[in-house]
Every structure is written in structure tokens, then in C-alpha cells.
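Only one structure is covered here, and it is reproduced in the block below.
The values are calculated or read from the model by the stated rules, or taken from the named source; none is laboratory data. Please read all numbers here as calculations on a predicted model, not as lab measurements. When we count neighbours, we look across all protein chains shown, and the Cβ atoms used for this are built from the backbone with ideal geometry, even at glycine.
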Amino acid sequence: MKRKLLSITLALSLLPTFSYAESKSYEAQEKKQLSQQELRVLTDEVGFTKEDFEAVPVEVARDLIEQKARKISNGVVQSYTMEKNDQPSTVIAPMSFDAADINLYGNAYLTQGTDKPGFKRILMVASFQWQSQPRYKYTDKMSIGYPSTNKFIFNTSNGKIQGHTNRSYFYFEDNLLNFESNTPTDADPGAGVAADYYYHPFAEKLNGSIIQYVYVPDNQSGTSNVCIRYGHKYLTLGSPSVSIYPYGLSVTPSTTVQTADYILTLTW
């Protein structure tokens with residue numbers, strides 16, 4: 001997948017329609033705070049909780065305000081800890097928050113107004129944050145998968161999926177580096193998307209996310225589970241593969257890929 005490396009900066013926006021502002025440090029960009037009015041709208045109308053404010057980038061939050069979105073899921077931050085043993089393990093077990101290696105987050109929002117007449121538009125957000133350095137630095141992958149019975153579709157143009165952004169960023173030698181792409185690494189119509197995340201050896205504070213718009217016919221409604229799965233690759237080169245599980249496209253566990261599942265429930 002073609003990616004572009006942005007210079008030592010963290011741009012908080014994740015949607016492809018946003019420009020990526022540059023700054024000399026993450027802390028400087030973090031000062032781009034929401035106004036009291038924006039905080040009120042996000043809390044009272046969109047349905048933000050404290051964890052949403054911490055996990056959703058500022059520019060994405062502002063886009064949700066502009067689209068008069070409302071949250072249609074129950075996502076919170078969940079922590080996972082790698083098994084600490086001498087042999088390779090394919091298990092990541094939920095443990096206490098303080099001792100966690102990685103945090104996963106996901107939510108979905110139904111927006112008002114759509115660029116596809118006759119369809120509702122749903123924005124799905126999934127993100128991860130490493131709390132410690134992974135033991136091995138190879139290419140990881142995160143997926144958002146859902147059953148075909150949801151009747152979700154992508155908007156496309158010239159054969160390419162629209163409304164997608166995946167991003168990762170990390171510190172390396174005191175510099176903050178971003179990787180960003182508007183094309184998923186893996187995708188299946190009606191099943192979901194996935195993206196690769198590469199980390200340089202000795203990188204710190206690894207973070208990443210997937211933003212994906214999906215569409216469902218106006219006359220359709222329902223409740224469904226969505227599986228957000230993070231796969232950590234180690235011992236061998238290359239990136240994790242994906243499979244179509246009963247609940248959609250997901251990273252495939254293996255003897256060299258540890259996985260963590262985050263199950264989200266949404267109603268539209």
C-alpha cells in the first residue's frame with residue numbers, strides 16, 4: 001500500500017476531507033481545543049462521553065458536529081495485556097487497565113445528510129494506543145468487520161473505496177512521525193476493511209486508527225455486532241492476513257500473530 005510520510009508532526013484530523021496542520025510537537029497541536037459550545041453539542045447532541053473526547057481527534061469531533069451526528073454504539077476504551085512467557089503466544093488476554101500493553105477503542109455515529117441519496121451514512125471509528133513498546137517491531141494490522149446481513153456498502157469512485165482514512169504515528173529519536181493513507185490495505189464488500197501499521201525498531205508511543213464511512217438503505221434498520229480486531233505480528237516478516245469470519249473481515253490469528261478483539265454493538 002502506498003503511504004506518505006509526513007514530516008515530524010501530528011495532525012489531529014483523520015478524515016480525508018481535512019487538511020493536516022503541521023506543528024513542531026504533539027503538545028502544541030493538542031492545544032487546539034474544542035470550545036465550550038462544541039463540548040456542549042458533543043455531549044448533549046452527539047452523545048460523547050469522557051472516553052470519546054480522549055479517543056476521537058478534535059477535527060473528527062468537529063466533523064461530527066457539522067454532520068449533526070449521533071452516537072449509535074456503546075464503545076469504551078478496553079485494555080489488553082500480552083502474555084508474558086518464554087514461548088510465542090497467540091493470546092492477548094484482558095487484564096487490569098494499569099498493566100495493559102495496548103488500549104482499543106471503537107464507536108459508530110449516524111450522520112445527518114448524505115452524499116449518497118437513499119442511504120443513511122454511518123461513520124465508524126476504531127483506534128489503538130500502545131501503553132508499552134511491543135516486543136517485536138514488524139507490521140501489525142487492525143480490522144473492522146461486520147456481517148453481510150447488515151447490508152452496509154462503501155461509496156466508491158473509479159473502482160476505489162471512498163470515505164476511508166487509516167493513520168499511525170509514533171516517536172522515533174524524539175521526533176513524531178505520521179503515516180497516513182486513504183486506501184485500506186484489505187477490504188471486502190459487505191464485510192469490512194483493514195489497514196497495516198508499520199513501526200520502526202525502537203519506536204515509542206505507538207498509536208493508530210481507522211476511519212470508515214459505510215452506507216445502508218434508508219428503509220433498513222437493525223442492531224448488530226462489529227468486530228474490531230488488532231493483530232500484532234512477530235517472529236516473521238510481512239503483515240498479518242485477513243479472513244472472512246462469521247462477523248466479517250478480520251485479522252487471522254496464527255502462531256506469529258497475536259490478536260485482540262473489541263466487540264462493538266451498534267443500532268441504526
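Looking at Tyr215, Tyr245, can you tell me which residue is at pLDDT 95 or above and surrounded by fewer than 24 Cβ atoms within 10 Å (Cβ to Cβ)?
Tyr215
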- [ ] Go through region 214-243 residue by residue and tally those that are touching a Lys or Arg at 6+ places or on another chain (Cβ under 6 Å) and outside any loop (DSSP other than H, G, I, E, B).
- [x] 3
TODO: Within region 147-158, identify whether any single residue is free of Cβ contacts under 8 Å to residues at least 12 places away in the same chain and either part of a strand (DSSP E or B) or more than 28 Å from Gly190 (Cβ to Cβ) (or both), and answer yes or no.
DONE: yes
Open item on the list: Given (1) over 24 Å from Leu123 (Cα atoms); (2) in contact with a helix residue (DSSP H, G or I) (Cβ under 7 Å, 6 or more places away or on another chain); (3) hydrophobic (A, V, I, L, M, F, W, C), identify the lone condition not met by Phe170.
Closed with: (2)
Open item on the list: Being surrounded by fewer than 18 Cβ atoms within 10 Å (Cβ to Cβ), at negative phi and not in a loop (DSSP other than H, G, I, E, B) is the filter here; which residues of region 191-206 pass it?
Closed with: Glu204
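Of everything in region 34-50, what is loosely packed, with under 14 Cβ neighbours inside 10 Å and among the charged types (D, E, K, R)? Give them in sequence order.
Arg40, Asp44, Lys50
Given the residues Gln133, Gln212, which is the only one that is of a type in the set (S, T, N, Q), under 22 Å from Ser241 (Cα atoms) and touching a residue at least 12 places away in the same chain (Cβ under 8 Å)?
Values: Gln133 fails: under 22 Å from Ser241 (Cα atoms).
Answer to the check: Gln212.
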- [ ] Return the residue satisfying two criteria in turn: it lies in region 61-76 and is among the polar types (S, T, N, Q) and surrounded by 16 or more Cβ atoms within 10 Å (Cβ to Cβ), and of such residues it is nearest to Val41 (Cα to Cα).
- [x] Gln67
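Considering each residue of region 104-143, count those that are within 20 Å of Phe48 (Cβ to Cβ) and either of a type in the set (S, T, N, Q) or assigned to a strand (DSSP E or B) (or both), and give that number. Step through it out loud before you land on a result.
Filtering region 104-143 down to residues within 20 Å of Phe48 (Cβ to Cβ) leaves 104-113, 121-129.
This time we only want the ones that are either of a type in the set (S, T, N, Q) or assigned to a strand (DSSP E or B) (or both), so: 104-112, 121-129.
Selection size over region 104-143: 18.
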Task: Total residues in region 55-74, condition among the polar types (S, T, N, Q) and closer than 13 Å to Ser209 by Cβ - done: 0
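What residue, among those in region 49-82 that are hydrophobic (A, V, I, L, M, F, W, C) and more than 22 Å from Thr114 (Cβ to Cβ), is modelled with the highest pLDDT?
Taking region 49-82 and keeping what is hydrophobic (A, V, I, L, M, F, W, C), we get 53, 55-56, 58, 60-61, 64-65, 69, 72, 76-77, 82.
Then keep just the ones that are more than 22 Å from Thr114 (Cβ to Cβ); that gives 53, 55, 58, 76-77, 82.
On the way: Phe53: 88, Ala55: 78, Val58: 82, Val76: 80, Val77: 79, Met82: 62.
Residue satisfying both the conditions and the ranking: Phe53.
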Task: From Ser254, Ser221, residue being more than 25 Å from Thr183 (Cβ to Cβ) and either loosely packed, with under 14 Cβ neighbours inside 10 Å or among the polar types (S, T, N, Q) (or both) - done: Ser221
